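Novice: This is the structure I have questions about; it appears just below.
The values are calculated or read from the model by the stated rules, or taken from the named source; none is laboratory data. Predicted model only: the values in this text are computed from it and were never measured. Here Cβ is always computed from backbone atoms with ideal geometry, including for glycine, and neighbour counts include all displayed protein chains. The protein model used for the area step is the full one, side chains on, heavy atoms only, and it has no ligands, DNA or RNA in it. Shrake-Rupley method; radii C 1.70, N 1.55, O 1.52, S 1.80 Å.
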Amino acid sequence: MAWIQIRINANAATADAVSDLLMEAGSASVTFIDAKDTPIYEPKIGTVVFWADTTVIGLFEANHDMNAVVALLKRHDELKDNLVYKIEQLEDKDWEREWMDNFHPIQFGEKLWICPSWRDIPDPDAVNVLLDPGLAFGTGTHATTALCLKWLESQDLTGKTVVDFGCGSGILGIAAIKLGAERMIGIDIDPQALEASLDNANRNGVADKLEVYLPENQPEFTADIVVANILAQPLRELHSVILGLLKPGGKIAMSGILEEQVQSVADIYAPFIELDEIAIEGDWTRVSGIKKA
């Protein structure tokens with residue numbers, strides 16, 4: 001199917017309204033991109049923050065009346081006098097295939113591979129996790145996930161109980177099971193993440209060793225290993241909850257931490273764990289340690 005898109009200059013105050021208008025006009029999808037490469041660091045939980053210069057892209061079928069779309073946008077008080085936009089025809093191609101071609105098997109450490117289901121497994125004798133990109137966070141392509149996967153691959157997980165705090169797609173827990181863990185417990189505030197984790201566990205044949213819970217439903221237990229790939233703010237705010245899941249002498253790895261946030265996270269955890277490593281990948285870090293007795 002052929003498509004046409006409209007790119008609109010917006011800002012933090014107007015981006016959400018532009019999105020609503022595009023959806024009202026019949027857009028098949030709306031995308032926000034940073035127009036000037038301006039980073040946004042760790043918004044408050046539950047908030048959506050736009051860049052000061054945001055490009056909003058609306059995708060429409062090629063025969064859509066774009067004049068009507070522009071007219072609708074111009075009726076908005078903040079856009080009518082300064083609407084800047086560009087309409088572009090998109091090449092007719094198999095967009096699903098184009099998307100799938102961007103994902104390849106990725107190796108972590110010596111023996112762990114994350115493989116999209118439509119790709120051939122590079123090393124059948126390795127530890128292979130089949131995981132398709134989906135709605136829940138965690139495909140191995142993001143630096144924070146990669147940092148945690150590399151850490152898990154370096155641990156002896158044989159017979160261990162592992163907690164994936166903020167489990168997303170379940171990638172870390174499923175990898176832990178395939179690396180030898182006996183039991184994996186995934187915790188997430190998003191029911192969709194729990195569903196994705198279970199689906200991926202079934203795809204990998206490890207669903208019998210995986211349990212998932214919303215925080216309010218989780219049972220009382222302690223684990224040998226805790227992995228928390230979230231963000232610095234919840235790592236700080238929930239430190240007592242996270243540490244309460246870990247046995248004395250158990251190991252913890254935390255990621256989703258920018259380099260300049262490491263010290264603030266370390267300061268909160270230092271009274272309770274012996275920090276043993278800080279690993280860096282790009283702008284992100286992983287902090288790991290062992291819980292004190």
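Novice: When you look at Thr145, is it surrounded by fewer than 18 Cβ atoms within 10 Å (Cβ to Cβ) and either in contact with a strand residue (DSSP E or B) (Cβ under 8 Å, 6 or more places away or on another chain) or closer than 23 Å to Tyr269 by Cα (or both), yes or no?
Specialist: On the way: surrounded by fewer than 18 Cβ atoms within 10 Å (Cβ to Cβ): no; either in contact with a strand residue (DSSP E or B) (Cβ under 8 Å, 6 or more places away or on another chain) or closer than 23 Å to Tyr269 by Cα (or both): yes.
No.
Novice: Here's a follow-up. Exactly one condition in (1) without any contact (Cβ under 8 Å) to a residue 40 or more places away in the chain; (2) within 23 Å of Leu131 (Cα to Cα); (3) not basic (Lys, Arg) is false for Ser197; which is it?
Specialist: Against the list (1) without any contact (Cβ under 8 Å) to a residue 40 or more places away in the chain; (2) within 23 Å of Leu131 (Cα to Cα); (3) not basic (Lys, Arg), Ser197 comes up short only on (1).
Novice: If the requirement is being over 20 Å from Trp284 (Cβ atoms), in contact with a helix residue (DSSP H, G or I) (Cβ under 9 Å, 6 or more places away or on another chain), open to solvent by less than 50 Å² (accessible area, probe 1.4 Å) and part of a helix (DSSP H, G or I), which of these qualifies: Ala201, Ala196?
Specialist: So the residue among Ala201, Ala196 that is over 20 Å from Trp284 (Cβ atoms), in contact with a helix residue (DSSP H, G or I) (Cβ under 9 Å, 6 or more places away or on another chain), open to solvent by less than 50 Å² (accessible area, probe 1.4 Å) and part of a helix (DSSP H, G or I) is Ala201.
Novice: Could you check region 212-258 and list, in sequence order, the residues that are open to solvent by 50 Å² or more (accessible area, probe 1.4 Å) and under 16 Å from Glu182 (Cβ atoms)?
Specialist: Thr222, Lys247, Lys251
Novice: Do we have Glu216 as outside any helix (DSSP H, G or I) and of a type in the set (D, E, K, R) here? Full working, then the answer.
Specialist: Working: outside any helix (DSSP H, G or I): no; of a type in the set (D, E, K, R): yes.
No, not satisfied.
Novice: Conditions first: (1) assigned to a strand (DSSP E or B); (2) surrounded by 13 or more Cβ atoms within 10 Å (Cβ to Cβ); (3) not polar (S, T, N, Q). Val262 passes all but one, so which condition is the exception?
Specialist: Tallying (1) assigned to a strand (DSSP E or B); (2) surrounded by 13 or more Cβ atoms within 10 Å (Cβ to Cβ); (3) not polar (S, T, N, Q), Val262 fails exactly one: (1).
Novice: Among Asp276, Asp283, which is the only one that is free of Cβ contacts under 8 Å to residues at least 60 places away in the same chain and surrounded by fewer than 16 Cβ atoms within 10 Å (Cβ to Cβ)?
Specialist: Checking each option against the conditions leaves just Asp276.
Novice: Scan region 222-240 and report the pairs whose first residue is among the acidic types (Asp, Glu) and whose second residue is crowded, with 19+ Cβ neighbours inside 10 Å, with Cβ atoms within less than 8 Å and a gap of 6+ or a chain change.
Specialist: Asp224/Lys160; Asp224/Thr161; Asp224/Val162; Asp224/Gly250; Asp224/Lys251
Novice: Separate question: For region 228-242, enumerate the residues that are under 20 Å from Leu172 (Cα atoms) and either of a type outside the set (A, V, I, L, M) or touching a strand residue (DSSP E or B) at 6+ places or on another chain (Cβ under 7 Å) (or both).
Specialist: Correct list: Ala228, Asn229, Ile230, Leu231, Ala232, Pro234, Leu235, His239, Ile242.
To keep it simple, each residue is scored yes or no on (1) at pLDDT below 95; (2) among the hydrophobic types (A, V, I, L, M, F, W, C).
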position: Ile121; (1), (2): yes, yes
position: Thr144; (1), (2): yes, no
position: Gly159; (1), (2): no, no
position: Asp164; (1), (2): no, no
position: Cys167; (1), (2): yes, yes
position: Ile171; (1), (2): yes, yes
position: Pro191; (1), (2): yes, no
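Novice: Looking for something touching a Leu at 6+ places or on another chain (Cβ under 7 Å) and among the small types (Gly, Ala, Ser) - is there at least one such residue anywhere in region 233-252?
Specialist: No: zero hits.
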